[in-house]
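Notes to accompany the following structure.
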């Protein structure tokens with residue numbers, strides 16, 4: 001900046017340029033012989049000539065670090081956008097208008113609410129969970145969405161007979177992202193069998209890949225082969241095995 005005229009240096013007159021004092025040859029030679037590191041150590045900036053104009057190249061701006069948004073615990077450990085609930089329930093499981101359904105371990109309520117929309121006013125959905133606050137939140141979401149066919153049920157699914165739903169009344173039972181949190185897989189599956197009608201279907205979805213940083217620990221991964229073994233003792237027959245999402249497997253059992 002030209003402090004006297006308040007003009008940028010680039011707009012200075014030719015006379016100004018002629019009156020400018022150039023560095024002595026010795027100083028120029030001395031700077032030319034120094035490396036970039038040596039210039040930096042002396043508090044000087046090592047200038048790299050621009051190929052087109054010979055002017056010093058402007059310093060490249062340092063890009064801001066890129067932040068990758070990862071799903072939070074509520075989104076991943078519960079029923080989240082990692083799973084396409086509507087596709088799984090309608091296209092794969094075959095849920096339709098008028099069905100009676102229980103979401104066993106409802107979590108954030110995505111599958112419960114999606115099922116309530118699918119079965120309509122002629123159907124019924126039970127959202128079952130052991131955490132009462134979770135059930136209150138699901139009920140609030142349902143009412144705000146105008147879904148009055150959803151009922152919340154507080155229960156411990158690890159205790160056979162504890163869930164206050166009429167026996168043999170369900171067309172579908174869902175156990176989605178629940179079993180990795182428990183060691184009592186047989187008991188939970190048995191409770192589902194107790195509530196299902198003959199020929200009713202049980203949907204199980206759980207983590208198949210626990211390597212991502214947002215997934216549960218590897219030792220919590222569910223062995224789907226052990227679930228298939230359990231099913232033979234509870235009068236279930238495996239109907240379908242499918243890939244529920246990038247990180248999840250899906251199993252559909254039919255009650256005999």
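The values are calculated or read from the model by the stated rules, or taken from the named source; none is laboratory data. Keep in mind that what you see is a predicted model, and the values were worked out from it rather than measured. No Cβ is skipped: glycine too gets one built from the backbone with ideal geometry, and neighbour counts run over all protein chains shown.
General observations
- Of residues in the stretch 167-179 being more than 21 Å from the chain's Cα centre (by Cα) and part of a strand (DSSP E or B), the one surrounded by the fewest Cβ atoms within 10 Å (Cβ to Cβ): 171
- The residue pairs whose first member lies in the stretch 86-97 and is closer than 15 Å to residue 125 by Cα, whose second member is in a loop (DSSP other than H, G, I, E, B), and whose beta carbons are closer than 8 Å, counting only pairs six or more residues apart or on different chains, are 89/95; 90/96; 97/120; 97/122; 97/123.
- Positions within the stretch 128-146 being assigned to a helix (DSSP H, G or I), in contact with a strand residue (DSSP E or B) (Cβ under 8 Å, 6 or more places away or on another chain) and under 27 Å from residue 160 (Cβ atoms), in sequence order: 132, 135, 136, 138, 139
- Matching residues in the stretch 110-127 - criterion: being within 18 Å of residue 204 (Cβ to Cβ) and either part of a loop (DSSP other than H, G, I, E, B) or within 24 Å of the chain's Cα centre (by Cα) (or both): 110, 111, 112, 114, 115, 127
- Residue count for the stretch 167-176, restricted to those that are more than 16 Å from residue 189 (Cβ to Cβ) and touching a helix residue (DSSP H, G or I) at 6+ places or on another chain (Cβ under 8 Å): 1
- Exactly one residue out of 147, 89 is assigned by TED's automatic domain parsing to the domain that holds residue 206 and either within 25 Å of residue 180 (Cα to Cα) or buried (at least 22 other Cβ atoms within 10 Å of the Cβ) (or both): that is 89.
- Residues in the stretch 180-218 that are at pLDDT 95 or above, surrounded by fewer than 16 Cβ atoms within 10 Å (Cβ to Cβ) and in a helix (DSSP H, G or I): 0 in all.
- Looking across the stretch 219-256 at every residue that is in a loop (DSSP other than H, G, I, E, B) and more than 20 Å from the chain's Cα centre (by Cα), the one that is nearest to residue 95 (Cα to Cα) is identified as 256.
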